[in-house]
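Notes follow the structure.
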Amino acid sequence: MWFLLMLVMFLTNGMSAFGLKMIAAWGLPETVKYPYLATWYAGGLAAIALPMLLKGMRVGKTELFWGAVAGALSVGGQVAMAVALGSGLPGHVVFPIAIGGSIVVVALAGRLVFGERMNRHTVVGVALGSIAVVLLGVS
Amino acid sequence: MGLLFCFLGAISFGLLGSALKAAERKKANAAGLIVSMYAWPALIMLVRSLLLKSGGHIPGKVWATAVILGIGAAVASLAFQVSISIGKVTVGWLMMNLSSGVAVVASIYVYHEKLTLLKIVAFGLVVVSILFLCWGQVMERRTVSAATQGE
(Lines give C-alpha, C1' and ligand atoms only; values in the text may rest on other atoms or scores of the structure.)
Protein backbone atom coordinates (compact mmCIF):
# COMPACT_ATOMS: atom_id res chain seq x y z
CA MET A 1 0.00 0.00 0.00
CA TRP A 2 2.76 2.48 1.02
CA PHE A 3 4.76 1.79 -2.15
CA LEU A 4 1.68 2.30 -4.34
CA LEU A 5 0.88 5.60 -2.58
CA MET A 6 4.47 6.79 -3.09
CA LEU A 7 4.33 5.89 -6.80
CA VAL A 8 0.97 7.64 -7.31
CA MET A 9 2.20 10.70 -5.41
CA PHE A 10 5.48 10.85 -7.33
CA LEU A 11 3.89 10.67 -10.79
CA THR A 12 0.73 12.74 -10.29
CA ASN A 13 2.31 15.52 -8.24
CA GLY A 14 5.26 15.69 -10.62
CA MET A 15 3.04 16.26 -13.64
CA SER A 16 0.65 18.65 -11.86
CA ALA A 17 3.31 21.38 -11.66
CA PHE A 18 4.03 21.10 -15.39
CA GLY A 19 0.94 23.07 -16.44
CA LEU A 20 2.31 26.57 -15.77
CA LYS A 21 5.30 25.69 -17.94
CA MET A 22 2.93 24.63 -20.74
CA ILE A 23 1.03 27.92 -20.51
CA ALA A 24 4.30 29.86 -20.68
CA ALA A 25 5.31 27.83 -23.74
CA TRP A 26 1.96 28.53 -25.46
CA GLY A 27 2.81 32.23 -25.27
CA LEU A 28 -0.40 33.19 -23.47
CA PRO A 29 -0.57 36.38 -21.36
CA GLU A 30 0.66 36.26 -17.78
CA THR A 31 -2.87 36.96 -16.45
CA VAL A 32 -4.11 33.59 -17.79
CA LYS A 33 -2.43 31.93 -14.82
CA TYR A 34 -5.17 33.14 -12.43
CA PRO A 35 -8.16 31.52 -14.21
CA TYR A 36 -5.86 28.55 -14.90
CA LEU A 37 -5.09 28.14 -11.18
CA ALA A 38 -8.74 28.72 -10.20
CA THR A 39 -9.75 25.88 -12.57
CA TRP A 40 -6.77 23.76 -11.40
CA TYR A 41 -7.88 23.99 -7.75
CA ALA A 42 -11.57 23.59 -8.65
CA GLY A 43 -10.80 20.47 -10.71
CA GLY A 44 -8.89 18.94 -7.79
CA LEU A 45 -11.62 19.95 -5.37
CA ALA A 46 -14.35 18.36 -7.50
CA ALA A 47 -12.35 15.14 -7.99
CA ILE A 48 -12.28 14.52 -4.24
CA ALA A 49 -15.56 16.21 -3.21
CA LEU A 50 -17.86 14.42 -5.71
CA PRO A 51 -17.05 10.86 -4.52
CA MET A 52 -17.40 12.13 -0.94
CA LEU A 53 -20.86 13.56 -1.68
CA LEU A 54 -21.95 10.34 -3.39
CA LYS A 55 -20.90 8.38 -0.30
CA GLY A 56 -22.75 10.83 1.94
CA MET A 57 -19.54 11.96 3.67
CA ARG A 58 -19.24 15.45 5.16
CA VAL A 59 -16.37 17.81 5.84
CA GLY A 60 -16.17 18.28 9.63
CA LYS A 61 -14.84 21.14 11.74
CA THR A 62 -11.44 19.47 12.19
CA GLU A 63 -11.00 19.17 8.42
CA LEU A 64 -12.22 22.74 7.83
CA PHE A 65 -9.81 24.14 10.43
CA TRP A 66 -6.70 22.21 9.35
CA GLY A 67 -7.57 22.69 5.69
CA ALA A 68 -7.72 26.45 6.24
CA VAL A 69 -4.37 26.37 8.10
CA ALA A 70 -2.80 24.33 5.28
CA GLY A 71 -4.32 26.60 2.62
CA ALA A 72 -3.03 29.73 4.38
CA LEU A 73 0.48 28.26 4.74
CA SER A 74 0.47 27.22 1.08
CA VAL A 75 -0.55 30.70 -0.07
CA GLY A 76 1.98 32.24 2.40
CA GLY A 77 4.78 30.14 0.94
CA GLN A 78 3.81 31.06 -2.63
CA VAL A 79 3.65 34.78 -1.77
CA ALA A 80 7.04 34.65 0.01
CA MET A 81 8.61 32.97 -3.03
CA ALA A 82 6.98 35.49 -5.38
CA VAL A 83 8.35 38.40 -3.28
CA ALA A 84 11.81 36.80 -3.22
CA LEU A 85 11.75 36.36 -7.01
CA GLY A 86 10.40 39.89 -7.42
CA SER A 87 13.28 41.28 -5.37
CA GLY A 88 15.65 40.16 -8.12
CA LEU A 89 16.89 36.88 -6.66
CA PRO A 90 17.18 34.27 -9.43
CA GLY A 91 15.00 31.13 -9.43
CA HIS A 92 18.01 28.85 -9.02
CA VAL A 93 18.58 30.49 -5.61
CA VAL A 94 14.95 30.87 -4.49
CA PHE A 95 13.61 27.37 -5.31
CA PRO A 96 16.40 25.27 -3.71
CA ILE A 97 16.28 27.34 -0.48
CA ALA A 98 12.47 27.35 -0.23
CA ILE A 99 11.98 23.67 -1.14
CA GLY A 100 15.15 22.27 0.47
CA GLY A 101 14.45 24.33 3.60
CA SER A 102 10.89 23.01 3.83
CA ILE A 103 12.22 19.43 3.92
CA VAL A 104 14.50 20.38 6.83
CA VAL A 105 11.55 21.97 8.68
CA VAL A 106 9.36 18.88 8.12
CA ALA A 107 12.21 16.53 9.16
CA LEU A 108 12.73 18.54 12.38
CA ALA A 109 9.00 18.60 13.12
CA GLY A 110 8.76 14.87 12.35
CA ARG A 111 11.49 14.10 14.89
CA LEU A 112 10.86 16.73 17.58
CA VAL A 113 7.08 17.21 17.46
CA PHE A 114 5.73 13.90 16.14
CA GLY A 115 8.48 11.65 17.58
CA GLU A 116 9.20 9.86 14.30
CA ARG A 117 12.42 7.84 14.31
CA MET A 118 14.11 6.92 11.03
CA ASN A 119 16.39 3.94 10.45
CA ARG A 120 19.79 4.37 8.76
CA HIS A 121 18.52 3.53 5.27
CA THR A 122 15.77 6.12 5.51
CA VAL A 123 18.20 8.76 6.86
CA VAL A 124 20.53 8.15 3.88
CA GLY A 125 17.52 8.29 1.49
CA VAL A 126 16.33 11.59 3.00
CA ALA A 127 19.84 13.10 2.87
CA LEU A 128 20.39 12.09 -0.78
CA GLY A 129 16.86 13.11 -1.71
CA SER A 130 17.32 16.55 -0.16
CA ILE A 131 20.49 17.07 -2.18
CA ALA A 132 18.63 15.90 -5.32
CA VAL A 133 15.77 18.36 -4.70
CA VAL A 134 18.26 21.24 -4.29
CA LEU A 135 20.10 20.21 -7.48
CA LEU A 136 16.80 19.99 -9.40
CA GLY A 137 15.98 23.52 -8.20
CA VAL A 138 19.41 24.81 -9.22
CA SER A 139 19.27 23.16 -12.65
CA MET B 1 15.51 41.13 1.81
CA GLY B 2 14.94 38.56 -0.95
CA LEU B 3 16.82 35.89 1.01
CA LEU B 4 14.66 36.57 4.08
CA PHE B 5 11.55 35.83 2.01
CA CYS B 6 13.21 32.66 0.67
CA PHE B 7 13.57 31.41 4.24
CA LEU B 8 10.03 32.55 5.09
CA GLY B 9 8.85 30.49 2.11
CA ALA B 10 10.81 27.47 3.39
CA ILE B 11 9.29 27.84 6.86
CA SER B 12 5.80 28.31 5.45
CA PHE B 13 5.99 25.21 3.22
CA GLY B 14 7.64 23.23 6.02
CA LEU B 15 4.85 24.20 8.42
CA LEU B 16 2.34 23.17 5.74
CA GLY B 17 3.73 19.61 5.75
CA SER B 18 3.77 19.65 9.55
CA ALA B 19 0.17 20.97 9.74
CA LEU B 20 -0.98 18.09 7.51
CA LYS B 21 0.71 15.64 9.88
CA ALA B 22 -0.89 17.39 12.86
CA ALA B 23 -4.28 17.05 11.13
CA GLU B 24 -3.63 13.33 10.65
CA ARG B 25 -2.82 13.01 14.38
CA LYS B 26 -6.11 14.81 15.14
CA LYS B 27 -7.84 12.06 13.11
CA ALA B 28 -8.95 14.44 10.34
CA ASN B 29 -10.55 12.62 7.41
CA ALA B 30 -7.98 12.70 4.56
CA ALA B 31 -10.47 13.40 1.76
CA GLY B 32 -12.31 16.06 3.77
CA LEU B 33 -9.03 17.77 4.60
CA ILE B 34 -7.99 17.90 0.93
CA VAL B 35 -11.41 19.30 -0.05
CA SER B 36 -11.04 22.05 2.56
CA MET B 37 -7.40 22.66 1.60
CA TYR B 38 -8.32 23.11 -2.10
CA ALA B 39 -11.50 25.14 -1.48
CA TRP B 40 -9.68 28.17 -0.02
CA PRO B 41 -7.14 28.72 -2.81
CA ALA B 42 -9.84 27.95 -5.43
CA LEU B 43 -11.95 30.74 -3.97
CA ILE B 44 -9.00 33.17 -3.77
CA MET B 45 -7.98 32.45 -7.37
CA LEU B 46 -11.58 32.75 -8.57
CA VAL B 47 -11.91 36.19 -6.97
CA ARG B 48 -8.51 37.19 -8.39
CA SER B 49 -9.61 36.01 -11.87
CA LEU B 50 -12.89 37.92 -11.68
CA LEU B 51 -11.01 41.10 -10.73
CA LEU B 52 -8.86 40.89 -13.87
CA LYS B 53 -9.56 43.71 -16.27
CA SER B 54 -8.50 41.96 -19.47
CA GLY B 55 -11.07 39.31 -20.26
CA GLY B 56 -9.44 37.92 -23.38
CA HIS B 57 -10.29 34.54 -24.91
CA ILE B 58 -8.73 31.59 -23.10
CA PRO B 59 -8.23 28.54 -25.33
CA GLY B 60 -9.97 25.28 -24.46
CA LYS B 61 -6.64 23.50 -24.06
CA VAL B 62 -5.89 25.73 -21.04
CA TRP B 63 -9.12 24.67 -19.28
CA ALA B 64 -8.55 21.02 -20.14
CA THR B 65 -4.95 21.10 -18.89
CA ALA B 66 -6.01 22.85 -15.67
CA VAL B 67 -8.74 20.29 -14.91
CA ILE B 68 -6.60 17.22 -15.69
CA LEU B 69 -3.53 18.42 -13.79
CA GLY B 70 -5.66 19.77 -10.92
CA ILE B 71 -7.22 16.31 -10.51
CA GLY B 72 -3.70 14.82 -10.57
CA ALA B 73 -2.56 17.23 -7.84
CA ALA B 74 -5.57 16.42 -5.65
CA VAL B 75 -4.92 12.68 -6.05
CA ALA B 76 -1.27 13.31 -5.06
CA SER B 77 -2.36 15.31 -2.00
CA LEU B 78 -4.77 12.55 -0.98
CA ALA B 79 -2.06 9.90 -1.46
CA PHE B 80 0.31 12.01 0.68
CA GLN B 81 -2.29 12.41 3.45
CA VAL B 82 -3.02 8.66 3.52
CA SER B 83 0.70 7.78 3.33
CA ILE B 84 1.60 9.78 6.44
CA SER B 85 -0.82 7.69 8.47
CA ILE B 86 1.20 4.61 7.43
CA GLY B 87 4.74 5.99 7.02
CA LYS B 88 6.84 8.97 7.99
CA VAL B 89 5.87 12.55 7.16
CA THR B 90 9.48 13.41 6.24
CA VAL B 91 9.58 10.63 3.63
CA GLY B 92 6.18 11.59 2.19
CA TRP B 93 7.11 15.26 2.01
CA LEU B 94 10.44 14.46 0.40
CA MET B 95 8.72 12.22 -2.18
CA MET B 96 6.31 15.06 -3.04
CA ASN B 97 9.29 17.35 -3.67
CA LEU B 98 11.35 14.71 -5.49
CA SER B 99 8.47 14.48 -7.94
CA SER B 100 9.62 17.80 -9.42
CA GLY B 101 12.06 15.54 -11.30
CA VAL B 102 9.08 14.26 -13.33
CA ALA B 103 8.33 17.80 -14.54
CA VAL B 104 12.01 18.28 -15.44
CA VAL B 105 11.98 15.01 -17.45
CA ALA B 106 8.76 16.11 -19.17
CA SER B 107 10.38 19.46 -20.04
CA ILE B 108 13.37 17.69 -21.57
CA TYR B 109 11.09 15.36 -23.57
CA VAL B 110 8.44 17.88 -24.65
CA TYR B 111 10.45 21.10 -25.01
CA HIS B 112 13.82 19.51 -25.84
CA GLU B 113 15.48 21.28 -22.94
CA LYS B 114 19.18 20.58 -22.58
CA LEU B 115 20.13 17.58 -20.43
CA THR B 116 22.98 19.04 -18.38
CA LEU B 117 25.44 17.16 -16.18
CA LEU B 118 23.79 18.72 -13.12
CA LYS B 119 20.40 17.31 -14.17
CA ILE B 120 21.90 13.86 -14.77
CA VAL B 121 23.47 13.91 -11.28
CA ALA B 122 20.15 15.10 -9.78
CA PHE B 123 18.18 12.32 -11.53
CA GLY B 124 20.74 9.75 -10.36
CA LEU B 125 20.36 10.99 -6.79
CA VAL B 126 16.54 10.89 -7.07
CA VAL B 127 16.68 7.21 -8.10
CA VAL B 128 19.22 6.24 -5.39
CA SER B 129 17.27 8.21 -2.78
CA ILE B 130 13.99 6.47 -3.67
CA LEU B 131 15.73 3.07 -3.48
CA PHE B 132 17.06 3.89 0.00
CA LEU B 133 13.65 5.19 1.15
CA CYS B 134 11.96 1.97 -0.03
CA TRP B 135 14.74 -0.12 1.55
CA GLY B 136 14.24 1.78 4.81
CA GLN B 137 10.49 1.06 4.67
CA VAL B 138 11.12 -2.67 4.08
CA MET B 139 13.61 -2.79 6.99
CA GLU B 140 11.14 -1.03 9.26
CA ARG B 141 8.39 -3.50 8.38
CA ARG B 142 10.75 -6.40 9.13
CA THR B 143 11.63 -4.87 12.50
CA VAL B 144 7.95 -4.36 13.37
CA SER B 145 6.99 -7.87 12.23
CA ALA B 146 9.92 -9.41 14.18
CA ALA B 147 8.85 -7.48 17.29
CA THR B 148 5.24 -8.64 16.84
CA GLN B 149 6.30 -12.29 16.46
CA GLY B 150 8.54 -12.02 19.54
CA GLU B 151 5.63 -10.93 21.76
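The values are calculated or read from the model by the stated rules, or taken from the named source; none is laboratory data. On a predicted model such as this, the values are computed, not experimentally measured, just so you know. Cβ sites come from the backbone with ideal geometry, for glycine too, and all protein chains shown count toward neighbours. Just so you know, the surface numbers come from the protein's heavy atoms only, side chains and all, with ligands and any DNA or RNA stripped out. Shrake-Rupley method; radii C 1.70, N 1.55, O 1.52, S 1.80 Å.
In sequence order, region B:16-28 has phi-based couplings of 4, x, 5, 5, 5, 5, 4, 4, 5, 5, 7, 6, 5 Hz under the Karplus curve 6.51 cos²θ - 1.76 cosθ + 1.60, θ = phi - 60°, and Gly or Pro positions carry x.
Taking all Cα-Cα distances within region B:65-112, those exceeding 18 Å account for 42%. Scaling against 2.2 N^0.38 Å puts the C-alpha radius of gyration of region A:1-55 at 1.44. Taking each DSSP H run with n ≥ 4 as -39500 (n - 2.57) and averaging over every residue of chain A yields -27000 deg cm²/dmol at 222 nm.
Averaged over its residues, region B:1-61 has an accessible area of 54 Å² per residue, based on protein heavy atoms and a 1.4 Å probe. Think of region A:46-122 as a dipole: +1 on every Lys or Arg Cβ, -1 on every Asp or Glu Cβ, centred on the Cα centre; then among A:Ser102, A:Val79, A:Met52, A:Met52 lies furthest on the positive end.
Remark on chain B: Rg and Dmax equal 19.7, 69 Å (Cα only). Annotation for region A:48-139: trypsin sites (Lys or Arg not before Pro) lying in DSSP loop with at most 12 further Cβ atoms inside 10 Å of their Cβ are A:Lys55, A:Arg58, A:Arg117.
Taking amide H positions as modeled 1.01 Å from N, with prolines and chain starts lacking one, no residue 5 or more places away or on another chain lies under 5 Å from A:Ser87. For the protein assembly as shown, the fraction of 1.4 Å probe accessible surface lying on carbon and sulfur atoms is 72 percent.
Each residue of region A:18-32 was assigned a 3J(HN,Hα) from its phi angle through the Karplus curve 6.51 cos²θ - 1.76 cosθ + 1.60 (θ = phi - 60°); the sequence is 6, x, 5, 5, 5, 4, 4, 5, 6, x, 7, x, 4, 5, 5 Hz, with glycine and proline shown as x.
Treating each Cα of region B:1-62 as an identical point scatterer and summing with the Debye formula, the log10 of I(q)/I(0) at q = 0.14 Å⁻¹ comes to -0.70.
For region A:99-139, the gyration tensor built on C-alpha atoms gives an oblate shape. Its axis ratio a/c (a ≥ b ≥ c) is at least 1.5, and a/b is not larger than b/c. Computed over region A:31-103, the convex hull of the alpha-carbon atoms projects to a mean area of 6.6 nm². When +1 charges are put on Lys and Arg Cβ atoms and -1 charges on Asp and Glu Cβ atoms, the dipole computed for the protein assembly as shown relative to its Cα centre reaches about 280 debye.
Here's the list of lysines a cross-link from A:Lys21 could span, going by alpha-carbon distance under 25 Å and ignoring same-chain residues fewer than 8 apart: A:Lys33, B:Lys53, B:Lys61, B:Lys114, B:Lys119. Seen from B:Gly17, the other residues with C-beta closer than 14 Å to its C-beta sum to a net charge of +2, counting Lys and Arg as +1 and Asp and Glu as -1. Dividing the helix sum by the residues of chain B, where each DSSP H run of 4 or more adds -39500 (n - 2.57), gives a mean residue ellipticity at 222 nm of -29500 deg cm²/dmol. Taking the Cα atoms of region B:64-151, the ratio Rg/Rh between the radius of gyration and the Kirkwood radius comes to 1.10. Surface exposure of region A:1-102, expressed per residue as accessible area with a 1.4 Å probe, stands at 50 Å².
Among residues other than B:Leu52 with Cβ under 14 Å from its Cβ, the summed charge is +2 (Lys and Arg +1, Asp and Glu -1). Give the separation of the Cα centroids, region A:66-80 to region B:1-28, in Å. If we compute the Cα centre of each part, the gap is 8 Å.
Summed over both chains, the contact between B and A buries some 9100 Å² of accessible surface at a probe radius of 1.4 Å.
Stretching the chain fully between A:Ile131 and A:Leu7 yields a gain of 42.6 nm (0.36 nm per residue, less the alpha carbon separation). With every protein chain in place and a 1.4 angstrom probe, the accessible-area ranking of A:Met81, A:Met1, B:Met45, A:Met57, largest first, reads A:Met1, A:Met57, B:Met45, A:Met81. The equivalent ellipsoid of chain A has semi-axes of 26, 26, 16 Å, largest first, where each one is the square root of 5 times an eigenvalue of the Cα gyration tensor. Stokes-Einstein diffusion of the protein assembly as shown at 10 °C, 1.306 mPa s viscosity, Kirkwood radius from Cα pairs, rounded to a whole number: 81 µm²/s. Remark: region B:109-120, residue by residue, has Karplus-estimated 3J(HN,Hα) of 6, 7, 9, 6, 5, 5, 8, 7, 4, 4, 5, 4 Hz, where x stands for each Gly or Pro and the curve is 6.51 cos²θ - 1.76 cosθ + 1.60 at θ = phi - 60°.
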